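Written below as structure tokens is the structure these notes are about.
The values are calculated or read from the model by the stated rules, or taken from the named source; none is laboratory data. Remember, it's a predicted structure, so these values are computed and weren't measured experimentally. Backbone-built Cβ (ideal geometry, glycine too); neighbour counts: all protein chains shown. Areas reflect the complete protein model, heavy atoms only, side chains present, ligands, DNA and RNA absent. Shrake-Rupley method; radii C 1.70, N 1.55, O 1.52, S 1.80 Å.
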Amino acid sequence: MTAKDLAEGKSEQECRVNADEREQIELELLIEGIHRLYGYDFRNYALPSLKRRIHHCAQSEGVKSISGLQEKVLHDRSCFDRLVQSLSIPVTEMFRDPPLFRAFRQKIIPILRTYPYIRIWHAGCSTGEEVYSMAIMLYEEGLYDKARIYATDMNARSLQQAKEGVYGIDKMKLYTKNYLASGGVQSFSEYYTAKYNSVMFHPFLRKNMIFAEHNLATDRSFNEFNVIFCRNVMIYFNDELRNQVHGLFHESLSRFGVLVLGAKESIHFTDYSDCYEPLDRVEKIYRKIK
């Protein structure tokens, strides 16, 4: 409480409510400013995680309030880029959640064998580990030459790392374990070259990859796909944006196309729940039926 608040006889609860309202106004102004100036739309992101990451960014930038952060973001593009990096913290790994990749290998790969050409979209690909995991699986199943993998994210820095295919060597022990648990059939080290503290995945894995910036909140469909992967992305969206993105995926999937959400996501409680049939209820793998 401030001296002015005490003089006016305000209670601690009243001051706390006023502070929450002020912060909410600051947050809305920042998000609106970002949308109008840079075209990035965070208005329908889940507020708790959004607010937490914005506070973290404000602290990193050395400002005391969201308003202070707004001033820097709107006048300094590099500050905005750092904020976007903070709001889209990459959380991924090679063959993350091995049971999902094992289910895909067992249930979806046989379907893809019947296609003359395969288009796969990894929406929100982050730094690309999931994309390389898919490339390795398709290669081992003899399908990579007839496949195109489209990898998109709104974070340009993460996309650049994905394009380079360079990762820390300290992660390879975990990635090898995931690879084997997902049904990998070769030595995982055959897919990369180690140098100092990093590894680079072999260029042949990238030959059928296409990387591009794409914002699920604002951008439209850009192709028709046989498979769409989108995991651990929509957990940061509110119900309205989640439903909007499911509409985008439904529009982008071919007839009998496969939507892979993973165990943490769901198609339920959206306008499109009756447009799919489950192929794996646990791993949330669905096939479009209408």
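A few notes on this one:
- Placed amide H near residue 257: partners under 5 Å, 5+ positions off or other chain: 288
- Residues whose amide H falls under 5 Å from that of residue 63, counting only those 5 or more places apart or on a different chain, are absent, with hydrogens built in the peptide plane.
- Contact order for the chain, expressed relative to its length and based on alpha carbon pairs under 8 Å spaced 6+ residues apart, stands at 16 percent.
- Inter-label distance, residue 161 to residue 198: 1.1 nm, where each label sits 7 Å from its Cα along the C-beta direction.
- Contact order for the stretch 57-183, expressed relative to its length and based on alpha carbon pairs under 8 Å spaced 6+ residues apart, stands at 29 percent.
- Zone of residue 263's modelled label, taken as backbone nitrogen in the stretch 107-148 under 19 Å from a point 7 Å along Cα→Cβ: 107-108, 130
- Formal net charge of residues neighbouring residue 43 (Cβ-Cβ distance under 10 Å; K, R +1; D, E -1): -4
- Placed amide H near residue 225: partners under 5 Å, 5+ positions off or other chain: 253, 254
- Greater than 32 Å apart at Cα, pairs in 163/284; 64/171; 207/288; 146/173; 163/288: 64/171
- FRET efficiency estimate (nearest 0.05) - Cβ-Cβ, residue 35 to residue 59, R0 22 angstrom: 0.45
- The Rg/Rh ratio of the stretch 88-168, with Rg taken over Cα atoms and Rh as the Kirkwood radius over Cα pairs, comes to 0.98.
- Modelled spin-label separation between residue 141 and residue 174, with each label point placed 7 Å from Cα along the Cα-to-Cβ direction: 2.5 nm.
- Between residue 111 and residue 271, the simple spin-label model (points 7 angstrom out along Cα→Cβ) gives 2.4 nm.
- Extension gain, residue 75 back to residue 221 (0.36 nm per residue minus Cα-Cα distance, nm): 49.4 nm
- Within the set (i) 51; (ii) 34; (iii) 16, the number that percent of Cα pairs over 32 Å apart takes when calculated for this structure is listed as (ii).
- Relative contact order of the stretch 187-262: 32 percent, from C-alpha pairs under 8 Å at least 6 residues apart in sequence.
- What the Cα convex hull of the stretch 209-259 gives, in volume per residue, is 89 Å³.
- 1.4 Å probe accessible area per residue over the chain, in Å²: 50
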